[in-house]
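Notes to accompany the following structure.
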Amino acid sequence: MLSNRKNKQNKFMKKLIEFLRIFSILLTVVSFLFLVFSCTFLLTYDSSINFKSSILNIYGVISTFSGIYKFTFIVCAFWVTLRQLEISKNNYETTTNQIKFIQKDILDKHNKDITDETLKHCNLYFGEIQKEYKEIMEAKTINGLPLNWTNLKSITNKSLREKYGNLAEQIDVMERTTKNNILLTLYKYEAFSALFLHGNLDKELAKTIIGETFSRQVGLLLGIIAYFREDDESVFAKNIIKIYNEWKNE
């Protein structure tokens, strides 16, 4: 609708400018003819009339010509002004279109970079992080890992000990090296999650690629994550839990 109104305004402006241009030319021709006619006939000294009448005739001709000239000048000036406005408007539209093209090119490049970076991190997840997840799940030091943690009231050490005390005790007696390796893997999950929550990556694209796998795997790790969290306000694994809840619910 705005585009149609703008097109109508442009057509009207062009017609007005063309009309003023033609009108200016006609007035200029009329003024010139009037001047020629005046110089040829009206200003010719006639001895049959007195000098005073001749002066009055000359003055009248000059006054009339002056009025026509002023009106012609005003019309021409108005036409030139409108013409300049049209040129300026066209230049502005050209500049605006160029800016929009540059902006679109920058945005397209920026979006491509975001997509490439997102795919890069998804590939990292399916590679390095996936491998370390598998090592945790196959660790002989953890037996009877539940397929879900529905009994957990909260993802905290206290809730884990209340509902899954045996697992908590297994992790208690776990070798420090093994426990540290598990922590390092969880930190990688946390860093990965933070990138998609706070970084300049395409979270929706990542969700379509790894969302289901991520949610399923983190869901199996909730008990181990809970072991390292003192309470619900704990910073540890905060981003993991947040993005897990987002992707799981959706």
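The values are calculated or read from the model by the stated rules, or taken from the named source; none is laboratory data. Values in this document were obtained by computation on a predicted structure and should not be read as measured data. Methodologically, a virtual Cβ is constructed for each residue, glycine included, from the backbone with ideal geometry; neighbour enumeration extends over all protein chains shown. Just the protein is used for accessible areas: all its heavy atoms, side chains included, with ligands, DNA and RNA removed. Shrake-Rupley method; radii C 1.70, N 1.55, O 1.52, S 1.80 Å.
A few points about this structure:
- Complete set of residues in segment 197-216 that are open to solvent by less than 40 Å² (accessible area, probe 1.4 Å) and in a helix (DSSP H, G or I): LEU197, ALA206, ILE210, GLY211, THR213, PHE214, SER215
- Considering LEU186, LEU197, the condition of being in contact (Cβ under 8 Å) with a residue 12 or more places away in the chain and under 30 Å from LYS109 (Cβ atoms) is satisfied by LEU197 alone.
- Flag if LEU184 is surrounded by fewer than 19 Cβ atoms within 10 Å (Cβ to Cβ), within 21 Å of LEU119 (Cβ to Cβ) and not basic (Lys, Arg): no
- Across segment 94-129, the qualifying residues are those that are of a type in the set (S, T, N, Q) and under 29 Å from LYS188 (Cα atoms), and the one among them that is surrounded by the most Cβ atoms within 10 Å (Cβ to Cβ) is THR118.
- The residue list LEU197, LEU205 contains one member that is aliphatic (A, V, I, L, M), at pLDDT 90 or above and within 30 Å of ASP113 (Cβ to Cβ), which is LEU205.
- Selection status of ASN148, within 20 Å of LYS248 (Cβ to Cβ), open to solvent by 20 Å² or more (accessible area, probe 1.4 Å), in contact (Cβ under 8 Å) with a residue 40 or more places away in the chain and not basic (Lys, Arg): yes
- Only residues that are small (Gly, Ala, Ser) and open to solvent by 20 Å² or more (accessible area, probe 1.4 Å) were counted in segment 217-247, giving 1.
- Extreme residue, surrounded by the most Cβ atoms within 10 Å (Cβ to Cβ), among residues of segment 155-173 that are of a type in the set (S, T, N, Q) and modelled with pLDDT under 90: GLN170
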